[in-house]
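Each remark here refers to the structure printed beneath this line.
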Amino acid sequence: MDEVMNNIIEVKNVTYEYTDEDNRFTAVKNLSLDIERGSFTVILGHNGSGKSTLAKMLNGLNKPTRGDVFVDGINTKAEETEIEVKRKVGMVFQNPDNQIIASIVEEDVAFGPENLGIPPEEIRQRVDSALATVDMADFKKSTPHHLSGGQKQRIAIAGMIAMEPECLVLDEPTAMLDPKGRAEIISTLLRLNKEKGMTVVLITHYMEEAENADRVIVMNDGEIIADDKPKTIFSDVKRLKDVGLDVPQTAELLYKLKSEGFGVDTHALSVEEAAEQIIKALGTFTDSEEK
Ligand code: ADP
Ligand code: MG
């Protein structure tokens, strides 16, 4: 039996340089990173930190200037396996309008699998199942044009799912959406990961979207400066602020309380956990006042 690799993606000492005319700009600097199969990873970083450049290297859209990226063991530089790499790692971008091609939802979702030469009967099944997964089955016959941003982005995700990739890389998929649309996308991604075992790499600048990830990677200036569980990452409020990132409001509140001398645990991240910490701290405060 073939040994199943634990990592779907391996980035090995990768540098990416943009060269136009006489200018050379290094956007990703000797970066290494493994993405474990079935994991949910969030990549954070302020504008210009190299997130999109890295994302495009994860399915061969960008080829490293130096170093190598392996997808399921295949080097993305190998020309003969380029399509295989793109089938294994699907990419979703910021603007849903640029990703929707057809004028009927089901045709749009079918577009990818059609290009892969999948038989029509199977395409029909895949389209129905992909639309159900993103909770858009009722909109099968709709015109994408009339849908909300969040719905359109879910159609774009369905189009990727219908190609049955092993991993989805999403580059700021919620950046153009309202809070409701953002929440729809995040819950769709969490469900895809938990229920279907899809590997998810989500690039975002919204901290709250990282709360439920297995792992959070923080990029700055083309490098990884932190790589840990969300609670650990967000408890280091000062470090995140130093690289121009906002922290979740719960983390910031607890951080401020702690620096004022309250005995709170800054690892609490959800509103419920944070409230628990504050109630506990208030309890001790009241006790000492009474004495
Ligand atoms: P992020 O997605 O984190 O905002 P990018 O990967 O888009 O970062 O960009 C990283 C750096 O590379 C930025 O400083 C950006 O100006 C530069 N860059 C991005 N695309 C190009 C390009 N096509 N040509 C030259 N420089 C680029
Ligand atoms: Mg970007």
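The values are calculated or read from the model by the stated rules, or taken from the named source; none is laboratory data. Quantities reported herein were computed from a predicted structural model and do not represent experimental measurements. Counting neighbours? That spans all protein chains shown, and the Cβs are built from the backbone with ideal geometry, glycine included.
Brief remarks on what is shown
- Condition broken by residue 35, with the remaining ones in (1) within 16 Å of ligand 2 (Cβ to nearest atom); (2) under 16 Å from residue 171 (Cα atoms) satisfied: (1)
- Leading residue by the ranking (farthest from ligand 1 (Cβ to nearest atom)) among those in segment 210-219 that are crowded, with 21+ Cβ neighbours inside 10 Å and part of a strand (DSSP E or B): 216
- Yes/no for residue 197 being touching a Gly at 6+ places or on another chain (Cβ under 6 Å), away from ligand 1 (no atom under 16 Å from the Cβ) and farther than 22 Å from residue 101 by Cβ: yes
- When residues in segment 194-207 are screened for being more than 11 Å from the chain's Cα centre (by Cα) and either β-branched (Val, Ile, Thr) or surrounded by 17 or more Cβ atoms within 10 Å (Cβ to Cβ) (or both), 2 of them pass.
- Residue, nearest to the chain's Cα centre (by Cα), within segment 146-191, restricted to residues that are farther than 13 Å from residue 202 by Cβ and among the β-branched types (Val, Ile, Thr): 161
- Considering residues of segment 143-181 that are charged (D, E, K, R) and closer than 27 Å to residue 60 by Cα only, the residue surrounded by the most Cβ atoms within 10 Å (Cβ to Cβ): 154
- Here residue 28 meets each of (1) within 13 Å of ligand 1 (Cβ to nearest atom); (2) aliphatic (A, V, I, L, M); (3) farther than 18 Å from residue 202 by Cα with one exception, condition (3).
- Selection status of residue 188, touching a strand residue (DSSP E or B) at 6+ places or on another chain (Cβ under 9 Å) and among the hydroxyl-bearing types (Ser, Thr, Tyr): no
- Cβ-Cβ contacts under 9 Å between residues 6 or more apart (or on different chains), taken from a first residue in segment 160-185 that is in contact (Cβ under 8 Å) with a residue 60 or more places away in the chain and outside any loop (DSSP other than H, G, I, E, B) to a second residue that is within 16 Å of ligand 2 (Cβ to nearest atom) and small (Gly, Ala, Ser), are listed as 169/55; 170/55; 171/52; 171/55.
- Residues located in segment 14-27, provided they are in contact with a Pro (Cβ under 8 Å, 6 or more places away or on another chain) and within 14 Å of ligand 2 (Cβ to nearest atom): 16
- Any chance residue 119 is modelled with pLDDT of 95 or more and in contact with a Gly (Cβ under 6 Å, 6 or more places away or on another chain): no
- Selection from segment 49-74 of residues that are within 21 Å of residue 17 (Cβ to Cβ) and touching a Gly at 6+ places or on another chain (Cβ under 9 Å): 49, 50, 51, 53, 54, 59, 69
- Close pairs from segment 23-35: first in contact (Cβ under 8 Å) with a residue 40 or more places away in the chain and more than 14 Å from residue 225 (Cβ to Cβ), partner outside any strand (DSSP E or B) and within 12 Å of ligand 1 (Cβ to nearest atom), Cβ under 7 Å, at least 6 apart: 26/222; 27/50; 27/53; 27/222
- Leading residue by the ranking (nearest to the chain's Cα centre (by Cα)) among those in segment 221-244 that are buried (at least 19 other Cβ atoms within 10 Å of the Cβ) and not aromatic (Phe, Trp, Tyr): 230
- Of the residues making up segment 4-48, those that are over 18 Å from the mean Cα position of the chain (by Cα), of a type in the set (Phe, Trp, Tyr) and surrounded by 14 or more Cβ atoms within 10 Å (Cβ to Cβ) number 1.
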